[in-house]
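Report on the structure given below.
The values are calculated or read from the model by the stated rules, or taken from the named source; none is laboratory data. Treat the numbers as computed from the prediction; the structure is a model and nothing was measured. Here the Cβ is made from the backbone with ideal geometry for all residues, glycine too, and neighbour counts use every protein chain on show. Keep in mind that these areas ignore ligands, DNA and RNA; they rest on the heavy atoms of the full protein, side chains included. Shrake-Rupley method; radii C 1.70, N 1.55, O 1.52, S 1.80 Å.
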Amino acid sequence: LYLEGWAPKILLSGQAPDAAELALLARGLTIVSVAQIQVDTLVQMGVPAAAIDVVGADDDNTAGESLELRKQFAFKRWSRILVVTSRLHTARARLALHRYFAGTDARIIMRATRHDRANVDRWWTNRRDLRFGLFEAQKLIAYWIGAAD
């Protein structure tokens with residue numbers, strides 16, 4: 001999308017290391033983060049490194065990522081924010097972002113990655129999609145009833 005001119009900047013969500021990664025780091029091993037792999041891949045695709053930022057290295061949930069994006073918006077004041085996520089995650093991500101950006105003039109545009117193979121119309125017919133869909137459905141219900149951010 002950057003190369004197509006949709007955005008002048010790419011923000012990648014960092015991820016908190018899991019217990020296994022922390023154990024390996026404690027042993028002095030070097031661990032390449034998912035975000036670093038994404039940065040390296042984008043640079044190989046022709047995106048300048050200066051156009052890529054990794055934010056929220058400790059965020060491991062949608063609410064944390066939304067809050068971090070809202071903090072960035074407070075300083076950068078973008079007119080629009082294009083968010084790309086998986087097909088089965090777009091509804092909940094949209095809900096979270098609209099909550100965090102309520103009262104701002106930011107235009108949030110949600111898009112599912114074109115490389116996601118999930119079938120949103122028949123998610124229950126594929127084991128991977130079924131597991132992810134049920135997981136997302138539980139979280140979406142929690143968002144709707146106000147039990148989660």
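Out of everything in the range 1-23 that is over 17 Å from V83 (Cα atoms) and surrounded by 13 or more Cβ atoms within 10 Å (Cβ to Cβ), what residue ends up being modelled with the lowest pLDDT?
Initial filter on the range 1-23 (over 17 Å from V83 (Cα atoms)): 16-23.
This time we only want the ones that are surrounded by 13 or more Cβ atoms within 10 Å (Cβ to Cβ), so: 16-17, 21.
Values: A16: 79, P17: 82, E21: 87.
Top of the filtered list is A16.
Mind counting the residues in the range 77-88 that are more than 12 Å from the chain's Cα centre (by Cα) and over 14 Å from R107 (Cβ atoms)?
Total meeting the criteria: 1.
Residues that are of a type in the set (S, T, Y), in contact with a Gly (Cβ under 8 Å, 6 or more places away or on another chain) and not in a loop (DSSP other than H, G, I, E, B): does the range 11-27 have at least one?
Taking the range 11-27 first, the residues of a type in the set (S, T, Y) are 13.
Next, only the ones that are in contact with a Gly (Cβ under 8 Å, 6 or more places away or on another chain) stay: 13.
Checking the rest, the ones that are also not in a loop (DSSP other than H, G, I, E, B) come to 13.
Yes, the range 11-27 has at least one match.
Of all residues being open to solvent by less than 70 Å² (accessible area, probe 1.4 Å) and not in a helix (DSSP H, G or I) in the range 137-149, which is farthest from K71 (Cα to Cα)? Just the residue, please.
Within the range 137-149, the first condition is being open to solvent by less than 70 Å² (accessible area, probe 1.4 Å), and the residues that meet it are 137, 140, 142-143, 146, 148.
Filter once more, keeping what is not in a helix (DSSP H, G or I): 146, 148.
Values: G146: 22, A148: 20 Å.
Top of the filtered list is G146.
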